[in-house]
Protein chains: 2
Amino acid sequence: MGGDGREPGRRSGRRPGKADTRTAILDAARARFAEAGFDKTSIRSVAADAGVDPALVHHYFGTKQQLFAAVVEFPADPEATLSTVAAAPVDELGETIVRTVVAVWDSPAGPGVVAMARSMIAGDPNLARTFLLEVVLERVRTRIATAEDDGHARVALVGAQMAGLLIARKVISLEPLASMPLAEVVAAVGPTIQRYLTGDIGATA
Amino acid sequence: MGGDGREPGRRSGRRPGKADTRTAILDAARARFAEAGFDKTSIRSVAADAGVDPALVHHYFGTKQQLFAAVVEFPADPEATLSTVAAAPVDELGETIVRTVVAVWDSPAGPGVVAMARSMIAGDPNLARTFLLEVVLERVRTRIATAEDDGHARVALVGAQMAGLLIARKVISLEPLASMPLAEVVAAVGPTIQRYLTGDIGATA
């Protein structure tokens, strides 16, 4: 929170205060996101907590979603995955979600995702919940919500299945699921996700 | 590992060495189970590592499965759940597994299960894997295995779904799944488990 960090454009070369300012912003954002969730946290409130100008938060971290990704140390660009899912027809959401998400886990970014998930599960459940519900699943939910069914139970079921798949395939290496080819994972789990999103799930639907 | 603990029947009343002996056996068992898995760990090897007679391990902990349950601090009697599942017809395994397992999570034993799961995920993945594969899922697998399909992929998928359901419902409290009535959870997730066990799961089947 040093003065150098608050005026990042004033000097060229290394800015000694920059790391401290970034850390202060991240600490403030982590506390806000965990306490208030993603939707109710504003860049303005994070900036106030960190003692910096809101423009500086945008300057360092970009959008609120990118700030959140930095807080949870998300090792990939969530936007790439989310826009692939957003482009899929509703009746192909299940296989598309499994294919694109598991491909990230299997990519070089995978170990980072696993580390993030483990620390979320072992650490603050509020961050894990707001990440799943408000960042990842909300954009799917709005696509499958109807007048009779707001889709909240459906996307929570999707989150449960995907969280378990991540744990089984990547955290505890449950074979043969851990080394199952992606196409087979899609064939096995895709229909589960599709049913949770658009199929008959019983009394809740 | 004191002499008192090795001879638990010799004195009535409090036995000062008993706690140490129990701890030594548990430490030895934890290391063996984590390294070699459930199947390849013998009571004899645990006893040797702990420097006690095998009969003492049985005396304190009962069967190997009960010793394992003590190692992972399993807060319920896994035998009760496993025998309910074992008594269910094959075509009702899905709903039976979800109903009986989630009922344990929702019972007073639930917080202990959650604590165990969190420490397994955050801690030693070998213990989590051996618990799921060799203790919990193996008895289901033998019921659905055929000449063409050994069922290993199927029970791993079941493990993944149930692990994710536990995390969503109990660890991060993903609503509305966290407070969904048991009957609705069974209606939503039971068919997933049934399909993983006996349905068409694509190339792996």
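In the set B:Val85, B:Val102, B:Val98, B:Val90, which member is closer than 15 Å to B:Val135 by Cα and either assigned by TED's automatic domain parsing to the domain that holds B:Arg195 or touching a Ser or Thr at 6+ places or on another chain (Cβ under 8 Å) (or both)? Quick ask: steps written out before the conclusion?
On the way: B:Val102 fails: closer than 15 Å to B:Val135 by Cα; B:Val98 fails: closer than 15 Å to B:Val135 by Cα; B:Val90 fails: closer than 15 Å to B:Val135 by Cα.
Only one candidate passes the filter, namely B:Val85.
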Among (1) facing another protein chain (nearest Cβ under 7 Å); (2) of a type in the set (D, E, K, R); (3) in a loop (DSSP other than H, G, I, E, B), the one test that B:Glu184 misses: (3)
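Any chance you could count how many residues in region B:152-177 are β-branched (Val, Ile, Thr) and facing chain A (nearest Cβ under 7 Å)? Show your work before the answer.
To start, the set of residues in region B:152-177 that are β-branched (Val, Ile, Thr) comprises B:155, B:158, B:167, B:171-172.
Retained after the next criterion (residues that are facing chain A (nearest Cβ under 7 Å)): B:167, B:171-172.
Total satisfying the criteria: 3.
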Any pair with Cβ under 9 angstrom, 6 or more apart, that starts in region B:146-161 at a residue that is in contact (Cβ under 8 Å) with a residue 60 or more places away in the chain and ends at one that is in a helix (DSSP H, G or I) and small (Gly, Ala, Ser): B:Val158/B:Gly94
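How about region A:25-132: which helices (runs of 4 or more DSSP H) wholly inside it have at least 2 residues that are more than 14 Å from every other protein chain (Cβ to nearest Cβ), free of Cβ contacts under 8 Å to residues at least 40 places away in the same chain and surrounded by fewer than 16 Cβ atoms within 10 Å (Cβ to Cβ)? Walk me through it before giving the result.
Values: elements: A:43-50, A:54-61, A:64-71, A:78-87, A:93-106, A:110-122, A:125-130.
The qualifying helices (runs of 4 or more DSSP H) are A:43-50, A:54-61, A:78-87.
Conditions (1) surrounded by fewer than 24 Cβ atoms within 10 Å (Cβ to Cβ); (2) in contact with a Lys or Arg (Cβ under 7 Å, 6 or more places away or on another chain); (3) over 29 Å from B:Glu138 (Cβ atoms), marked per residue:
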position	(1), (2), (3)
A:Thr146	yes, no, yes
A:Gly164	no, no, no
A:Ser173	yes, yes, no
A:Pro176	yes, no, no
A:Leu182	yes, yes, no
A:Ala187	yes, no, no
A:Pro191	yes, no, no
A:Arg195	yes, no, no
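Kindly indicate whether any position in region B:162-183 is of a type outside the set (Ser, Thr, Tyr), farther than 19 Å from A:Ala156 by Cβ and not assigned by TED's automatic domain parsing to the domain that holds B:Ala31. Don't jump to the end; show me each part of the working.
Just the residues of region B:162-183 that are of a type outside the set (Ser, Thr, Tyr), to begin with: B:162-172, B:174-178, B:180-183.
Checking which are farther than 19 Å from A:Ala156 by Cβ leaves us with none.
No, there is no match, as no residue in region B:162-183 is of a type outside the set (Ser, Thr, Tyr), farther than 19 Å from A:Ala156 by Cβ and not assigned by TED's automatic domain parsing to the domain that holds B:Ala31.
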Residues that are buried (at least 20 other Cβ atoms within 10 Å of the Cβ) and in contact (Cβ under 8 Å) with a residue 60 or more places away in the chain, drawn from region B:134-144: B:Val135
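The values are calculated or read from the model by the stated rules, or taken from the named source; none is laboratory data. These numbers come from a predicted model, not from an experiment. Note that we place each Cβ from the backbone using ideal geometry, even for glycine, and neighbour counts take in every protein chain shown.
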